[in-house]
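> Let me begin by handing over the structure; questions about it come next.
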Amino acid sequence: MANHTDSCWHAFQTAYIQKSDGKFNVAPCCRAKYVGFTDKIENIKNLPEIQRFRQKWLAGKKPQECATCFTKEKAGVESKRQRSIQWFEHYPIDVDKNGHVNHNLRDWDLRPENTCNLKCLMCNPGLSSKWNEDIDLYAKYFGSSPELGQSFDWDYVYENTKNFASRIYIAGGEPFYMKKAIKFLDRLSTHEYNRENTNIVIQTNGTILHENLYNILKRFRVFLFSMSVDGVGEVDNLIRYPSNFDEKYKIFNKYKQISYKPPAISLTVQALNLPDCDNIRKAFPGSHISANLLTSPNILSINALKPKIVKRVQKKTRFSEIRQYCKLYKYSEDLNSKMQEYLLDMDKKRGTDSKKVLPWCFI
């Protein structure tokens with residue numbers, strides 16, 4: 001396969017591992033839609049559905065499953081597809097015309113389980129066990145709960161990543177709460193190749209300073225700490241409930257000491273934080289901020305904000321991504337009213353004050 005900028009290397013180099021309801025969701029990456037399901041982890045690499053998906057790329061087509069990246073690119077924002085070329089184009093790809101990959105996969109995107117200590121306003125019980133405390137409100141606004149994330153065969157992952165993987169990304173739930181994930185990293189750190197060459201990326205909500213995991217991660221030369229932040233101060237506390245921004249900031253600086261470059265910030269751009277996003281840049285200077293547009297649940301998308309709020313942000317923001325996202329904005333009165341109702345119900349349940357902390361949502 002020739003190296004060119006019209007393809008996506010995740011389709012040929014990434015093992016996306018997420019299990020729910022006893023089956024693995026097969027996809028080229030976390031941004032793409034699922035292309036199939038299998039009950040065996042070893043089938044993920046060359047499931048017939050993923051092979052047919054790869055055939056589209058081999059034929060020079062743009063798979064509809066990858067619409068998220070294409071939308072970003074159309075808006076002038078760098079996509080995960082484009083970044084994959086920088087990460088993996090120097091690794092050889094052995095794939096036949098049928099989309100069957102013969103080489104070992106270099107990139108591992110692991111979503112182990114839904115164990116989490118937060119119940120973020122835009123999250124759900126499928127991704128956070130803490131959300132079960134408010135399952136009644138979730139059912140009221142969104143219906144049945146998504147399938148729960150489940151643990152998988154860590155031994156399989158270990159055997160296929162030791163002495164080979166170039167990148168391992170672990171998200172959740174909350175990885176710092178997952179004993180099996182920590183045990184896996186401990187085992188992997190016994191191999192010099194992985195300690196020196198494997199890029200270990202942990203996506204965390206930043207609320208836990210886990211000393212055992214901290215000491216394990218220190219062993220890896222190329223470790224990157226990525227923290228989810230959706231506002232500054234009370235804004236983040238309310239969105240990522242029940243977190244404490246000041247404590248998160250201290251933890252951020254602690255992990256910064258062992259991160260091979262400034263820790264990254266993962267920002268979910270939504271109605272709840274659109275006017276506050278630039279404050280995150282000021283709070284974390286020098287950090288790369290990955291700003292991703294929220295599409296679900298749609299009642300919290302930026303389309304739920306009044307036009308004058310979005311126009312004001314679009315004019316003042318220093319985020320090129322935010323300006324581009326604002327161009328995609330389409331106001332919905334229905335979403336606006338549902339968002340307000342949802343926030344007020346959550347205030348009653350959690351003892352928060354959305355009108356005070358997020359006044360732009362109630363204009």
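> With part of a loop (DSSP other than H, G, I, E, B), touching a strand residue (DSSP E or B) at 6+ places or on another chain (Cβ under 7 Å) and modelled with pLDDT of 95 or more as the only criterion, which of Leu118, Leu110, Leu105 stands out?
Sole residue among the options that is part of a loop (DSSP other than H, G, I, E, B), touching a strand residue (DSSP E or B) at 6+ places or on another chain (Cβ under 7 Å) and modelled with pLDDT of 95 or more: Leu105.
> When you look at Tyr342, is it open to solvent by less than 10 Å² (accessible area, probe 1.4 Å), within 30 Å of Asn212 (Cα to Cα) and not in a loop (DSSP other than H, G, I, E, B), yes or no?
So Tyr342 does not fit the description; no.
> Counting only residues that are under 22 Å from Arg106 (Cβ atoms) and not charged (D, E, K, R), which one in segment 69-81 is surrounded by the most Cβ atoms within 10 Å (Cβ to Cβ)?
Taking the candidates together, the pick is Cys69.
> From (1) open to solvent by 50 Å² or more (accessible area, probe 1.4 Å); (2) modelled with pLDDT of 95 or more, pick out the condition that doesn't hold for Leu47.
Failing condition for Leu47: (1).
> Also, quick follow-up: Does segment 74-94 contain at least one residue that is in a helix (DSSP H, G or I), within 30 Å of Ile299 (Cα to Cα), within 19 Å of the chain's Cα centre (by Cα) and acidic (Asp, Glu)?
No, because not a single residue in segment 74-94 is in a helix (DSSP H, G or I), within 30 Å of Ile299 (Cα to Cα), within 19 Å of the chain's Cα centre (by Cα) and acidic (Asp, Glu).
> Have a look at Lys45, Lys56, Lys19 and point out the one that is among the basic types (Lys, Arg) and in a loop (DSSP other than H, G, I, E, B).
The unique qualifying residue is Lys45.
> Here is a further query. Answer yes if at least one residue in segment 321-330 is open to solvent by less than 20 Å² (accessible area, probe 1.4 Å), farther than 19 Å from Asn205 by Cα, touching a residue at least 24 places away in the same chain (Cβ under 8 Å) and touching a strand residue (DSSP E or B) at 6+ places or on another chain (Cβ under 7 Å), and no otherwise. Don't jump to the end; show me each part of the working.
Within segment 321-330, the first condition is being open to solvent by less than 20 Å² (accessible area, probe 1.4 Å), and the residues that meet it are 322, 325-326.
Those still in the list that are farther than 19 Å from Asn205 by Cα too: 322, 325-326.
Checking the rest, the ones that are also touching a residue at least 24 places away in the same chain (Cβ under 8 Å) come to 322, 325-326.
Then keep just the ones that are touching a strand residue (DSSP E or B) at 6+ places or on another chain (Cβ under 7 Å); that gives 322, 325.
Yes, some residue in segment 321-330 is open to solvent by less than 20 Å² (accessible area, probe 1.4 Å), farther than 19 Å from Asn205 by Cα, touching a residue at least 24 places away in the same chain (Cβ under 8 Å) and touching a strand residue (DSSP E or B) at 6+ places or on another chain (Cβ under 7 Å).
> What do you reckon, is Phe24 over 20 Å from the mean Cα position of the chain (by Cα), in a strand (DSSP E or B) and either at pLDDT 95 or above or over 23 Å from Tyr91 (Cβ atoms) (or both)? Spell out how you get there, then give the answer.
On the way: over 20 Å from the mean Cα position of the chain (by Cα): no; in a strand (DSSP E or B): yes; either at pLDDT 95 or above or over 23 Å from Tyr91 (Cβ atoms) (or both): yes.
Spelling it out, it is not the case that Phe24 is over 20 Å from the mean Cα position of the chain (by Cα), in a strand (DSSP E or B) and either at pLDDT 95 or above or over 23 Å from Tyr91 (Cβ atoms) (or both).
Conditions tested, residue by residue: (1) surrounded by fewer than 21 Cβ atoms within 10 Å (Cβ to Cβ); (2) aliphatic (A, V, I, L, M).
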| position | (1), (2) |
| --- | --- |
| Gln13 | no, no |
| Asp21 | yes, no |
| Lys33 | yes, no |
| Gly60 | yes, no |
| Ala67 | yes, yes |
| Arg83 | yes, no |
| Gln86 | yes, no |
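> Which residues, taken from segment 286-322, are under 21 Å from the mean Cα position of the chain (by Cα) and over 24 Å from Leu127 (Cα atoms)?
Gly286, Ser287, His288, Phe319, Ser320, Glu321, Ile322
The values are calculated or read from the model by the stated rules, or taken from the named source; none is laboratory data. Keep in mind that this is a model prediction, so the values were computed, not measured. Because the Cβ atoms are built from the backbone with ideal geometry, glycine has one as well, and the counts that use them run over all protein chains shown. Note: accessible area is taken over every heavy atom of the protein model, side chains too, but ligands, DNA and RNA are not part of it. Shrake-Rupley method; radii C 1.70, N 1.55, O 1.52, S 1.80 Å.
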